[in-house]
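The values are calculated or read from the model by the stated rules, or taken from the named source; none is laboratory data. It should be emphasised that the depicted structure is a prediction, and the values quoted were computed from it without experimental measurement. FYI the Cβ positions are ideal-geometry reconstructions off the backbone, even for glycines, and counts take in every protein chain you see. Ligands, DNA and RNA are stripped out before the accessible areas are found, and what is left, the full protein with its side chains, is counted by its heavy atoms. Shrake-Rupley method; radii C 1.70, N 1.55, O 1.52, S 1.80 Å.
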Amino acid sequence: MEVSASSPADPPAVSPAARTSEAAPRSFRHALVTGGAGFVGSHLCTALLAEGCEVTCVDDFCTGRRQNVAHLASHPGFTLIEADICRPFDIAPGARPPDLVLNFASPASPADYLRSPLHTLHTGSSGTWQALQLAHRYGARLVHASTSEAYGDPQEHPQSERYWGHVNPVGPRSVYDEAKRYSEALATARARVDGTDVGIVRLFNTYGPRMRGYDGRAVPTFIRQAMAGEPLTVTGDGRQTRSLAYVDDTVRGILAMARSELLGPVNIGNPTEITMQQLAELIIELTGSRSGLRFIERPGDDPAVRCPDITLARGKLQWEPQTGPEEGLARTIEWFRRHATG
C-alpha cells in the first residue's frame with residue numbers, strides 16, 4: 001500500500017540495546033529502507049521480505065522507480081511511502097516500530113548526481129540526519145550506505161578502511177564524494193555522542209538487474225550499447241580498473257553488517273579487478289554482439305584504480321562475494337533483454 005509521509009513530534013528516544021562484540025547475530029521484524037525503490041534498495045526490500053521481515057520503503061522517485069518494487073506491492077508486509085527524506089518522515093500510523101533502518105537514499109550514478117548536485121548534497125547531509133533521527137527515536141540499528149568514492153582517486157591500492165582517501169573537494173564528482181564522506185562523519189558522531197546504533201558500509205561498483213540503461217555507469221551502458229549493436233564507449237585508454245560486485249552478493253554483505261555490532265566503515269565489494277576495456281570485451285562476448293569499441297575522453301577526477309581490501313568483511317562478517325563476472329553479467333544481460341530497459 002502507499003501512504004503519505006508524516007512529520008510527528010518526536011517521542012522520547014529509545015535507547016539502543018547494549019552492544020557487545022560477542023553478541024549473537026540479530027534478526028529484525030520491521031526494516032525501513034530509504035531509497036528503497038532504487039537499484040540496491042529494491043533488492044534489499046525483496047531480500048528482507050523473503051526473510052519474513054516487514055518492510056517500509058521510502059523513496060521520492062528522484063532516481064528510484066516504482067517498477068522496481070511493483071512485484072512487492074501486494075505483499076502484506078510491504079508499505080511504500082513517497083517522501084523526500086531531507087524532511088522529517090516516519091512510518092505509517094499504527095505500524096510496528098522499525099528495528100532496522102537501511103539508509104540508501106542518494107543519487108548514485110554520475111549522470112544523476114551531476115544533474116542534481118544540490119539535491120545530492122542535501123540528501124547526504126539533511127537526509128542522513130533525518131534517517132539517524134528516526135533510528136535513534138526507535139532504538140533501531142541503522143546501516144548507512146557509503147561508497148568506494150570516499151577514497152577518491154586512490155594513492156593506496158587496494159583500498160582498506162584505514163585509508164583516508166584522495167578526493168578533490170571542489171571537482172565535478174565532489175557533490176557525491178563529499179556528501180558521502182560527510183554522511184559518514186555525521187553517522188559516526190551520532191554513534192559516539194548519543195549512542196545511535198550505526199553501521200557504515202562502503203559499497204564498490206555493484207551491478208545487476210534493475211539498473212537503468214542510461215544511468216551513466218559502465219555495466220548498463222555497455223550492455224545497452226552492445227544489445228543495440230552500437231560501439232561501446234570506453235573512456236580514456238580503457239586501462240582504468242573497477243571491482244564489480246553482483247547485487248546479490250552486495251545485499252548479503254549489507255545484511256551481514258546489519259546483524260553485526262560493527263560501526264565500520266566496512267568495505268563491501270569484489271577484490272577481483274577488471275579493466276574497462278576487458279569489461280567491454282566481455283560484455284560483447286556474452287551478448288553475442290558485433291559491436292566494436294570507441295574510446296572517448298575520460299571524465300574529470302575519474303579514479304584510475306578501484307579495488308577493495310575486504311579483510312575486515314571476511315574476518316568480522318564472514319562475508320565475501322560468490323558470483324563471478326561471467327555469471328553475474330549473464331544474469332544482468334538476460335534481465336535487460338527481458339525488460340528492454342531504458
Find the centroid of the Cα atoms in the stretch 174-211 and in the stretch 42-81, then give the distance between the two in whole Å. 21
Between the stretch 284-324 and the stretch 105-159, what is the C-alpha centre distance in whole Å? 20
For Asp215, list long-range residues whose amide hydrogen, built 1.01 Å from N in the peptide plane, is under 5 Å from its own amide hydrogen. none
Please quote Rg/Rh for the stretch 52-178 to two decimal places, taking the Kirkwood radius as Rh and restricting both calculations to Cα atoms. 1.01
How large, in percent, is the carbon and sulfur part of the accessible surface of the chain at a probe radius of 1.4 Å? 52
For the stretch 228-342, accessible area per residue (1.4 Å probe, heavy atoms of protein chains only), Å²: 45
Gln155 paired with Thr275, simple spin-label distance in nm, labels 7 Å along Cα-to-beta-carbon: 2.5
Estimated vicinal HN-Hα couplings, Hz - the stretch 297-312 in sequence order (Karplus 6.51, -1.76, 1.60; Gly, Pro = x): 4, 7, x, x, 6, 5, x, 6, 9, 7, 7, x, 8, 10, 4, 5
Cα-based Rg then Dmax for the stretch 40-90, in Å, read 10.8, 30
Using the eigenvalues of the Cα gyration tensor, what equivalent ellipsoid semi-axes result for the chain when each is taken as the square root of five times the eigenvalue, whole Å, largest first? 32, 22, 19
Once the whole set of protein chains is in place, how much accessible area is left on Tyr113, using a 1.4 Å probe, in Å² to the nearest 10? 0
Considering Cα pairs under 8 angstrom that are at least six residues apart, work out the relative contact order of the stretch 195-298 and quote it in whole percent. 44
Sites matching trypsin sites (Lys or Arg not before Pro) across the stretch 218-284 that sit in DSSP coil, with at most 13 neighbouring C-beta atoms within 10 Å: Arg239
Value of [θ]222 nm, deg cm²/dmol, for the chain, DSSP H segments ≥ 4, -39500 (n - 2.57) each, nearest 500: -9500 deg cm²/dmol
With every protein chain kept in place and a 1.4 Å probe, the stretch 110-160 has an accessible area per residue in Å² of 33
